Amino acid sequence: MTRKIADCRKHPSVSHCSLTISGEEEEVVRAAAEHAVSVHEHTDGPELREQIRTMLEDEQVNA
């Protein structure tokens, strides 16, 4: 299974957040939603989690 990455540096924010979260897709969506609520003052819900899911990238494996 391909690990996924959510990288705050790729999305402008007032806090200039540099957090990167990686893991299995559901783990990353859950952690990124919790982070978005606690740090970026978003409201958790299906819309937020779907938005996060669309922004995930595959983790690049170094050979």
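Quick notes
- Separation between Cα centres of segment 1-31 and segment 35-63, rounded to whole Å: 5
- The label point for ARG49 and the one for ASP7, both projected 7 Å from the Cα toward the Cβ, are 2.6 nm apart.
- Dipole axis of the chain (+1 Lys, Arg; -1 Asp, Glu on Cβ), positive-most option in VAL39, HIS16, ILE5: HIS16
- Sequence-distant residues sharing a close amide H with HIS42 (under 5 Å, placed H): VAL37
- Kirkwood hydrodynamic radius over Cα pairs of the chain, then Stokes diffusion coefficient at 20 °C and 1.002 mPa s, in µm²/s: 179
- Placing unit charges on the Cβ atoms only, positive for Lys and Arg and negative for Asp and Glu, gives the chain a dipole magnitude near 200 debye about its Cα centre.
- GLU25 accessible area, 1.4 Å probe, all protein chains in place, Å² to nearest 10: 60
The values are calculated or read from the model by the stated rules, or taken from the named source; none is laboratory data. Small disclaimer: the values here were computed from a predicted structure and weren't measured. Neighbour counts run over all protein chains shown; Cβ positions are idealised from the backbone, glycine included. Note: areas computed on protein heavy atoms with side chains; ligands, DNA, RNA excluded. Shrake-Rupley method; radii C 1.70, N 1.55, O 1.52, S 1.80 Å.
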